Each structure stands twice: as C-alpha cells, then as structure tokens.
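Quick one: the structure is below, questions incoming.
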Amino acid sequence: MKHPENDASFKGLKVNDGVEQPASINPYLSSMRLKRAKRLSVDDYVEGILRGDVNILSRAVTLVESRRGEDAVLAREVVERCLPYSGRSLRIGITGVPGAGKSTSIDAFGMHLLNTKGGRLAVLAVDPSSERSKGSILGDKTRMERLSQHPDAFIRPSASAGSLGGVARKTRETIILCEAAGYDTVFVETVGVGQSETAVYSMVDFFLLIQIAGAGDELQGIKRGIMEMADGIVINKADGDNIAEAQRAAVHYRNALQLFPIPESGRRPEVHTYSGFYDIGIDGVWKMIYDYVAHVKDNGVFEERRKRQSKYWMYESLNEQLYSLFNNTPGMEELIKECEAGLADNKITSFAASNRLMEYFKNHLS
C-alpha cells in the first residue's frame with residue numbers, strides 16, 4: 001500500500017499524494033549537452049575556421065592543446081589543412097618583467113591598431129600555471145577590457161601547463177589556425193619569466209621588450225640574451241611624474257644597445273617611451289614596428305627568419321614526440337620510479353640511471 005496510514009485501522013487519518021513536483025534538473029539538459037558536445041569532423045573544423053567562426057576556432061584551439069591521443073591525430077589534420085591559408089599575418093611577440101604592464105599595453109596597442117588600420121587581431125596570452133595544482137587564473141581578458149569586447153579581436157588565454165619557460169605547448173599551431181581564420185595581426189604574450197622569450201622569439205616577426213622606469217637601476221634589468229633578441233624596446237608608464245624617469249631609462253637603453261653588434265636584420269633596435277594606461281605614444285610604437293617590418297622585408301631577412309623558425313619547430317616537435325614515445329613505453333613508468341628511488345638512496349648515479357632508462361627504451365623499440 002502506497003500510504004499505509006490510510007488503512008481503516010487508522011481512524012481520522014488520511015494522507016494525500018500531494019502536488020507533483022517538477023524535476024530539479026532541467027529535463028532538456030542532457031539533450032543540450034549532447035548537441036553541444038557533438039564531435040566535429042576535420043571538414044567541419046576547417047570550413048568553420050576559414051569562414052571566421054570564432055566558436056569553431058576556439059574549439060579547434062582546444063583540440064590542438066589537448067593531450068588526448070585521438071585529439072592529437074584530428075588536430076594534426078586540421079592544422080595541415082589550414083596551413084595553405086596561413087602565413088599572411090604580422091606576428092608580434094611581447095615580453096617584459098611581471099608588472100611591466102604587458103596586458104594593459106596589448107589592450108592599448110590592439111585598440112590603436114583596430115581603430116586606425118582595421119583588420120582583425122588575435123591575442124595569444126600565455127598564463128603561468130601553478131607548479132603544484134597545474135591550475136591557472138587565465139586573467140588576461142580582465143586586463144584587456146576594450147579588446148575583449150571588440151568584435152574583431154580574438155583573445156585566447158592558455159595555461160602554460162608546465163611546458164618549457166611557460167610557453168603554451170601548441171602556440172605555434174594556434175597561430176596557423178588564427179591566420180587561416182582571417183586574423184592579420186597576431187600578438188603572442190609571454191609570462192615574462194624563464195626561457196619563454198626564446199620560444200616566442202622563434203615564432204614571431206617582431207619581438208617587443210617592455211620595460212618600466214623608476215623601479216631601481218634600469219641597467220640591472222638589461223640581460224644580454226633578451227636584449228639581443230629584442231627588435232624594439234619600449235618604456236611603459238611614461239606619464240605624470242614618471243615621464244622624466246622613463247626618458248632617462250630610454251637613454252640608458254640606447255647607450256647600452258650601442259655596445260651590441262648590429263643585429264642580423266641590419267637595424268639597431270629603437271627605444272621608445274609610452275603610457276599604455278593613458279594611450280600616450282602608442283602611434284610611435286606602431287611606427288617603429290612597421291618601419292622594422294618594411295626594412296626586413298626589403299632585405300630578405302623577414303622570409304629567411306620564417307624559414308629558420310619552421311625548421312626550429314620541426315625539431316621541437318620531434319623532441320616532443322620522442323619524449324612522449326619514451327614516457328609511454330610499457331613498463332617505463334615503473335622503471336623511472338625505481339631509478340628515482342635509487343637516486344634518492346644514493347645507490348645509483350644520475351648518468352647510470354639515464355643509461356638504464358635509455359637501454360630499456362632501445363630494447364623495447366627493437
């Protein structure tokens with residue numbers, strides 16, 4: 001009996017069924033999820049990218065960044081199909097120490113570009129991942145208030161996921177997808193630490209170093225490696241009481257650059273001051289970039305640099321695939337743990353451990 005309380009032995013007591021309650025979960029949710037999660041084919045991805053569909057472009061970038069084996073195969077096909085439609089954009093790398101105002105500057109640079117030149121802009125902002133949780137705030141969009149609302153701007157923050165120097169593992173392929181989608185200018189922002197600058201330099205046409213004044217001895221911020229890579233240096237926050245400090249810092253950098261040999265481009269890097277927050281001096285920064293690009297296109301360095309970059313990323317991809325093959329060798333995970341334990345107990349040297357792992361790997365291949 002559904003309600004035993006309604007039995008005749010319980011006089012004066014009656015329990016009704018009550019009002020039927022609606023489901024606490026949207027009954028259409030499962031079908032909505034299925035529709036949204038529909039797996040796209042290579043043709044779906046390529047056609048959507050070529051017509052500039054931002055949603056499909058975003059899904060394609062997610063596919064490229066995925067570590068799943070089946071996604072990697074699909075992503076490779078999509079990138080290969082998009083390759084003939086790429087290569088027509090101006091790729092600009094932007095780096096600087098944390099706090100230099102990179103994201104604010106990108107917002108100002110991007111808005112100036114879209115308002116004066118038009119076109120479409122893609123911003124690939126690499127966000128540092130936590131070494132403990134592997135999580136990432138991905139807060140760049142919050143610091144690019146104007147660009148994030150512009151219909152011709154595509155901002156893609158990506159967690160570095162522990163890759164070398166904080167550079168997203170698949171940024172190079174993402175550039176190809178964005179170019180195929182019609183974005184004629186691509187910004188690649190580094191986290192500003194480690195060796196990320198080297199990786200970004202090897203995928204852009206112009207490498208911009210952002211510095212700030214008034215934070216101590218400016219010359220202490222000059223590191224030979226990053227200075228040699230920079231195609232242009234800009235001093236941010238040149239506004240208010242800080243204008244004199246910024247101009248003084250610019251003089252220091254110009255003097256330091258005179259001590260360096262002339263770069264391969266044949267053009268010594270220029271140094272400019274500006275304010276990303278107040279949009280002061282932005283046109284001068286863009287003039288420097290355009291003058292440089294025109295110069296290297298005339299002398300052939302532009303094309304030569306891109307060819308060298310393609311070769312560099314071929315070897316980087318090869319290293320990544322070999323590393324993945326090594327780690328996915330059956331039994332390798334257990335052997336690595338065994339070697340690590342031996343190292344911790346001083347029972348084996350690092351060199352002997354690496355030789356043991358390599359011998360196991362080679363024997364498995366044969």
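The values are calculated or read from the model by the stated rules, or taken from the named source; none is laboratory data. Note that the structure is predicted; figures quoted are calculated from it, not measured. Cβ coordinates were reconstructed from backbone atoms using ideal geometry, including for glycine residues, and neighbour counts include every protein chain displayed.
Return only the number of the condition from (1) under 24 Å from G87 (Cβ atoms); (2) among the aliphatic types (A, V, I, L, M); (3) assigned to a loop (DSSP other than H, G, I, E, B) that I262 does not satisfy.
(1)
Being in the same structural domain as M229 (by TED's automatic domain parsing) and at pLDDT below 85, is that true of even one residue in the stretch 104-125?
Yes, there is a match, as at least one residue in the stretch 104-125 is in the same structural domain as M229 (by TED's automatic domain parsing) and at pLDDT below 85.
Under the condition of being surrounded by 19 or more Cβ atoms within 10 Å (Cβ to Cβ) and in a loop (DSSP other than H, G, I, E, B), which residue from the stretch 141-168 is modelled with the lowest pLDDT?
Looking at the filtered set, the residue picked out is V167.
Okay, next question. Taking into account only those residues within the stretch 83-103 that are among the basic types (K, R) and either surrounded by 24 or more Cβ atoms within 10 Å (Cβ to Cβ) or under 15 Å from F207 (Cα atoms) (or both), which is modelled with the lowest pLDDT?
K102
Within the stretch 301-329, take every residue that is among the polar types (S, T, N, Q) and within 29 Å of E264 (Cα to Cα) and give me the one that is surrounded by the fewest Cβ atoms within 10 Å (Cβ to Cβ).
Applying the first criterion (among the polar types (S, T, N, Q)) to the stretch 301-329 yields 309-310, 317, 319, 321, 324, 327-329.
Next cut, within 29 Å of E264 (Cα to Cα) only: 309-310, 317, 319.
On the way: Q309: 17, S310: 13, S317: 13, N319: 10.
Applying the filter and picking the extreme gives N319.
Hey, could you check the stretch 54-71 for residues that are within 16 Å of the chain's Cα centre (by Cα) and among the β-branched types (V, I, T) and say which is nearest to V123 (Cα to Cα)?
Looking at residues that are within 16 Å of the chain's Cα centre (by Cα) and among the β-branched types (V, I, T), I get V61.
Please name all residue pairs, on different chains or six or more residues apart, with Cβ atoms under 6 Å, provided the first residue is in the stretch 318-345 and is under 16 Å from Y360 (Cβ atoms) and the second residue is outside any helix (DSSP H, G or I) and of a type in the set (A, V, I, L, M).
G342/I348
Then there's this: Within the group E359, E333, which residue is under 30 Å from R76 (Cα atoms) and not hydroxyl-bearing (S, T, Y)?
Numbers: E359 fails: under 30 Å from R76 (Cα atoms).
After applying the criteria, what remains is E333.
Just wondering, is there one or more residues in the stretch 227-234 that are over 29 Å from the mean Cα position of the chain (by Cα) and modelled with pLDDT of 90 or more? Give the derivation first.
Initial filter on the stretch 227-234 (over 29 Å from the mean Cα position of the chain (by Cα)): none.
The answer is no; no qualifying residue exists.
Could you go through the stretch 297-304 and let me know if any residue there is out of contact with any Leu (no Cβ under 6 Å at 6 or more places or on another chain), touching a residue at least 24 places away in the same chain (Cβ under 8 Å), on the phi < 0 side of the Ramachandran plot and outside any helix (DSSP H, G or I).
The answer is no, given that none of the residues of the stretch 297-304 is out of contact with any Leu (no Cβ under 6 Å at 6 or more places or on another chain), touching a residue at least 24 places away in the same chain (Cβ under 8 Å), on the phi < 0 side of the Ramachandran plot and outside any helix (DSSP H, G or I).
Only residues that are of a type in the set (A, V, I, L, M), within 10 Å of R146 (Cβ to Cβ) and buried (at least 23 other Cβ atoms within 10 Å of the Cβ): list them for the stretch 104-115, please.
A108, the sole residue that qualifies.
Sticking with this structure for a sec: Restricting to the stretch 56-110, count the residues that are more than 28 Å from A230 (Cβ to Cβ) and in a strand (DSSP E or B).
0
Could I ask something else about it? Among (1) in the same structural domain as A246 (by TED's automatic domain parsing); (2) part of a helix (DSSP H, G or I); (3) farther than 30 Å from S89 by Cα, which single condition is N355 missing?
Tallying (1) in the same structural domain as A246 (by TED's automatic domain parsing); (2) part of a helix (DSSP H, G or I); (3) farther than 30 Å from S89 by Cα, N355 fails exactly one: (1).
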